[in-house]
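Below is one structure, written out as structure tokens; comments come after it.
The values are calculated or read from the model by the stated rules, or taken from the named source; none is laboratory data. Here the structure is a predicted model, which means the values were calculated and not measured. When we count neighbours, we look across all protein chains shown, and the Cβ atoms used for this are built from the backbone with ideal geometry, even at glycine. With ligands, DNA and RNA removed, areas are computed over all heavy atoms of the protein, side chains included. Shrake-Rupley method; radii C 1.70, N 1.55, O 1.52, S 1.80 Å.
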Amino acid sequence: MATTTILRVIGGYKMIEIGRVIVKLAGRDAGKKGLIIDILDNKFVMIDGETRRRKCNILHLEPLNQVVKV
């Protein structure tokens, strides 16, 4: 079972879970797609994909509707 975390952020909510497809909003990887591979705490997740594998602030991510089984 994937852990689903719904976080309240300014202007709404973000659904964060392992396997969620995301688009990076900030940094040199901005605009690239990736996948959440681990939830580190309430503010940070580990991502991988077109982006570099790294720890990322969830405020810098835009979750998409797709979820992939990891």
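Results, tabulated for the structure shown:
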{"item": "Value of relative contact order over segment 13-70, rounded to a whole percent, pairs C-alpha under 8 Å and six or more apart", "result": "38"}
{"item": "Approximate spin-label separation ASN42-LYS69, in nm, with each point projected 7 Å along Cα-to-Cβ", "result": "3.3"}
{"item": "Largest-first ordering by accessible area, 1.4 Å probe, given options ILE39, ILE22", "result": "ILE39, ILE22"}
{"item": "Accessible surface of MET15 - all protein chains present, 1.4 Å probe, nearest 10 Å²", "result": "80"}
{"item": "Separation of the LEU59 and LYS32 label points, Cα + 7 Å toward Cβ, nm", "result": "2.3"}
